[in-house]
Amino acid sequence: MADTPGPAEPSLEEQIAVYQREFQGLDPQVERVVSALSRLNRRMNVAYGRQTAELGMGNAEWEVLKALVLAGDPYCLGPGDLAKRLGLTPAAMTHRIDRMVAEGLVTRERDENNRVRVIVGITEDGRAKWLEGLRKATVFEEELLQDLSTDERAQLGEMLTRLLRRVERTQPDAGGRLTDLE
């Protein structure tokens, strides 16, 4: 017997109506923005997950590759630096690096200047997969924003950046996980 889909997620309007019924102090404009952002983020993560799966990796591996690329040439970081940038515990980062070394996406070598220190670097295969993932993401993102004019895109980008800055200022730990979830 085929799996029957569960109940559909309520529309934003239905969700806000329930929230207003249950909590009279709710500002429906604020809730609409926050709920739309939350749903958009969830759906985008699913779409990105499909894209990285097509490349034989997950979003977790993509994030490590991205952090290494953002570090700049020679695309290397220590595991502790990677863990901080991704908001992971050292144990979770070690587990992720182990998987990625086995998959040929990154290397793990001793620092020649400090034999105690380990350096994680991106491989040619890892960089190629990161670039292909970026190409796929760019197509998806262009399609996502196709109904917005250039000016609207600029305005939306500025507004979302202001919101992000506020969260980063008021919730400094919001950039990463606080516990080992892997």
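The values are calculated or read from the model by the stated rules, or taken from the named source; none is laboratory data. A quick note: this is a predicted structure, and the numbers were derived from the prediction, not measured. Cβ sites come from the backbone with ideal geometry, for glycine too, and all protein chains shown count toward neighbours. To get the accessible areas, we keep the full protein, side chains included, count just its heavy atoms, and leave off ligands, DNA and RNA. Shrake-Rupley method; radii C 1.70, N 1.55, O 1.52, S 1.80 Å.
Around residue 106, which amide H atoms from residues at least 5 apart in sequence, or from another chain, sit under 5 Å from its own amide H, with H modelled in the peptide plane?
101, 123
Go through region 45-55 residue by residue and turn each phi into a ³J(HN,Hα) via Karplus (6.51, -1.76, 1.60, θ = phi - 60°); whole Hz please, and just put x for glycine and proline.
Along region 45-55, the couplings run 4, 5, 4, 5, x, 4, 5, 5, 4, 4, 8 Hz.
If you find the alpha carbon centre of region 120-142 and of region 42-70, how far apart are they in angstrom?
Each part's Cα centre sits 9 Å from the other's.
Please list the non-local residues whose amide H lies under 5 Å from the amide H of residue 145, H modeled 1.01 Å from N, same-chain partners needing a gap of 5 or more.
Long-range HN contacts for residue 145: none found.
Accessible area per residue for region 41-182 in Å², computed with a 1.4 Å probe and the full protein assembly in place, what is it?
Value returned for region 41-182: 66 Å² of accessible area per residue.
HN-Hα J couplings of region 149-166 from phi, Karplus 6.51/-1.76/1.60, θ = phi - 60°, integer Hz, Gly and Pro as x?
In residue order, the calculated couplings are 6, 4, 5, 5, 4, 5, 5, 4, x, 5, 5, 5, 5, 4, 4, 4, 4, 5 Hz.
GNM on the chain, C-alpha springs below 10 Å: top fluctuator among 103, 152, 132?
Result for the chain, Cα springs under 10 Å: 152 fluctuates most.
Residue-wise, which Karplus ³J(HN,Hα) couplings in Hz belong to region 61-66, taking 6.51 cos²θ - 1.76 cosθ + 1.60, θ = phi - 60°, and x for glycine or proline?
Values, residue by residue: 5, 4, 5, 5, 4, 4 Hz.
Could you report the accessible area of residue 170 in Å², rounded to 10, computed with a 1.4 Å probe on the protein chains as they sit in the structure?
Answer for residue 170: close to 80 Å² accessible.
Between 113, 45, 59, which gets the highest mean-square fluctuation from a Gaussian network model of the chain, Cα cutoff 10 Å?
Result: 113 has the largest fluctuation of those listed.
Given that just one value was derived from the coordinates, which of [x] 1.27; [y] 1.00; [z] 1.38 is Cα Rg over 2.2 N^0.38 Å?
Only one listed value fits the structure, namely [x].
I'd like the FRET efficiency for residue 40 and residue 115, computed as 1/(1 + (r/R0)^6) with the beta carbon distance as r and R0 of 41 Å, rounded to 0.05.
After rounding, the FRET efficiency stands at 0.30.
Compute the distance in nm between two label points, each set 7 Å from the Cα along the Cα-to-Cβ direction, one at residue 81 and one at residue 15.
That separation, rounded to one decimal, is 3.8 nm.
Could you give the size of the charge dipole of region 77-182 about its Cα centre, using +1 on the Cβ of each K and R and -1 on the Cβ of each D and E, expressed in debye and rounded to the nearest 20?
480
Would you mind getting me the FRET efficiency between residue 53 and residue 155? Use the beta-carbon distance for r and R0 = 45 Å, nearest 0.05. Present the calculation step by step, with values, prior to reporting the outcome.
Numbers: r = 33 Å, r/R0 = 0.74.
FRET efficiency, residue 53 to residue 155: 0.85.
Rounded to the nearest 500, what is the chain's calculated 222 nm mean residue ellipticity when only DSSP H runs of at least 4 contribute -39500 (n - 2.57) each, over all residues?
-20500 deg cm²/dmol
Connecting C-alpha atoms closer than 10 Å in a GNM of the chain, tell me which of 154, 60, 137 has the biggest fluctuation.
Result: 154 has the largest fluctuation of those listed.
With a 1.4 Å probe and all protein chains kept in place, how much accessible area does residue 143 have, in Å² rounded to the nearest 10?
Solvent-accessible area, nearest 10 Å²: 110 Å².
Given H placed 1.01 Å from N in the peptide plane, which residues other than close sequence neighbours of residue 118 have an amide H under 5 Å from its amide H?
111
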